[in-house]
Amino acid sequence: GSTPLGGIPKLIITEACNFPDLTRFYNESIILPWRAHIAALLQKGIACGEFQPMDTEYTALVLHAPIVMLSCYMNSLDRCVENRIEPLRYIDAHIQMCLFGLLNEQSPLRKPSPQPDGSPCTDGSRAG
């Protein structure tokens with residue numbers, strides 16, 4: 001959202017119904033491959049035992065949506081307010097929340113994480 005290209009998601013979202021062919025092209029060329037990439041990374045994390053099992057398709061959607069919103073916000077409201085968003089800080093907060101959730105480490109609701117075995121996980125060998 002912090003480059004001139006950051007306005008494209010906002011434009012596509014606001015004009016989607018007026019330009020359905022462009023919207024389909026953007027979805028098929030940009031959105032779907034990006035979500036598939038995120039889902040593949042999540043699946044790799046599950047296979048390695050780093051992530052708990054999940055619906056990777058919808059988790060990718062949930063991870064992607066706040067980044068799109070950041071881009072839209074930075075190319076609209078953020079330009080008109082004094083308390084502007086710091087995009088890297090926003091992304092860091094998003095990553096921290098996704099990786100560690102909202103629970104603190106001592107929360108009884110947090111599942112214990114698997115113990116690392118010291119080997120790099122590149123082939124799913126830690127899954128178990």
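Please state the charge dipole magnitude for the range 1-60, taken about the Cα centre, from unit charges on C-beta atoms (+1 on K and R, -1 on D and E), reported in debye and rounded to the nearest 20.
The dipole magnitude comes to about 120 debye.
Taking R0 as 41 Å, what FRET efficiency do you get between Phe25 and Phe100 from their Cβ-Cβ distance, rounded to the nearest 0.05?
0.65
Test of understanding: what is the full-extension gain from Ile46 to Arg79, defined as 0.36 nm times their sequence separation minus their Cα-Cα distance?
7.9 nm
Excluding Asn27 itself, what net charge comes from residues whose Cβ is under 12 Å from its Cβ, given Lys and Arg +1 and Asp and Glu -1?
Local charge sum for Asn27: 0.
Of all the Cα-Cα pairs you can form in the range 36-92, what percent are over 12 Å apart?
70
If Arg89, Arg84 are ordered by their accessible area, calculated over protein heavy atoms with a 1.4 Å probe, which sequence runs from highest to lowest?
Ranking Arg89, Arg84 by accessible area, largest first, yields Arg89, Arg84.
The values are calculated or read from the model by the stated rules, or taken from the named source; none is laboratory data. Please read all numbers here as calculations on a predicted model, not as lab measurements. Heads up, the Cβs are rebuilt from the backbone with ideal geometry, glycines too, and the neighbour counts pull from every protein chain shown. All accessible areas refer to the heavy atoms of the entire protein, side chains included, with ligands and DNA or RNA removed. Shrake-Rupley method; radii C 1.70, N 1.55, O 1.52, S 1.80 Å.
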